[in-house]
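Have a look at the structure below before the remarks.
The values are calculated or read from the model by the stated rules, or taken from the named source; none is laboratory data. Bear in mind that the values here come from a model prediction, so they are computed numbers and not experimental data. Don't worry about glycine lacking a Cβ; one is built from the backbone with ideal geometry, like all the others, and counts go over all protein chains shown. The area values use the complete protein model at the heavy-atom level, side chains included, leaving out ligands, DNA and RNA. Shrake-Rupley method; radii C 1.70, N 1.55, O 1.52, S 1.80 Å.
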Amino acid sequence: MPSIMNNKSENNEKRWIDVTAPGAKPQRGHLHPLTRAIERAADIFQSMGFEIAEGPEMETEYYNFDALNMPKNHPARQMQDTFWLGQPDKKGKKLLLRTHTSNVQIRYMEQHQLPIRIIAPGRVFRYEATNATHETQFYQLEGLMVDKKTSLSNLKAIIEIFMRGFFGN
């Protein structure tokens with residue numbers, strides 16, 4: 001028959017704290033909700049075989065506009081829509097803060113062969129009046145999939161898988 005004393009000593013052993021041990025640091029802070037959303041989206045696309053492609057936020061006029069067939073008179077090139085930087089790069093090319101992440105796609109295509117399956121998440125900048133629906137800086141995620149047998153049905157399936165993975169059933 002167990003005694004009451006034995007039960008107390010067992011409980012005391014379970015509750016014993018080593019006061020000489022270094023204290024555990026409390027966990028501080030957390031990831032920003034946008035960072036968590038981008039990471040979650042990236043995980044879903046990576047599970048489907050996509051690679052994460054990144055590029056510079058300070059871009060040349062060529063990669064931001066010319067390589068994307070945006071003509072010189074395109075409204076996005078105007079001072080009121082784009083953050084143009086005052087100094088050119090070392091080669092004398094005009095610099096700006098990227099207005100989309102399509103520049104990343106151009107850079108990736110220059111350096112890789114087909115098939116291509118990437119997403120390009122990142123921060124972009126637009127010279128706009130700030131209000132409840134507009135901000136000068138926001139995040140964008142673009143995808144690029146190029147292969148001989150890629151079709152719109154692939155796009156539909158990828159979007160469905162992404163939406164289920166991101167938002168649930």
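What order do you get for 20-32, 156-168 when each peptide is scored by the mean count of other beta carbon atoms within 10 Å, highest first?
Put in order of decreasing packing, that is 156-168, 20-32.
Dipole size in debye (nearest 20) for the chain around its Cα centre, Lys and Arg Cβ +1, Asp and Glu Cβ -1?
40 debye
Counting only protein heavy atoms and using a 1.4 Å probe, what share of the accessible area of the chain belongs to carbon plus sulfur, as a whole percent?
55 percent
May I ask you to order 139-152, 111-124 by the average number of other C-beta atoms within 10 Å around their residues, highest value first?
111-124, 139-152
Hey, what angle do you get for helix 33-47 against the long axis of the chain, alpha-carbon based, 0 to 90 degrees rounded to 10?
Between helix and principal axis, roughly 80 degrees.
With unit charges on the beta carbons (Lys and Arg positive, Asp and Glu negative) and the dipole taken about the Cα centre of region 76-140, which residue among Thr133, Thr82, Ile118 sits farthest to the positive side?
Ile118
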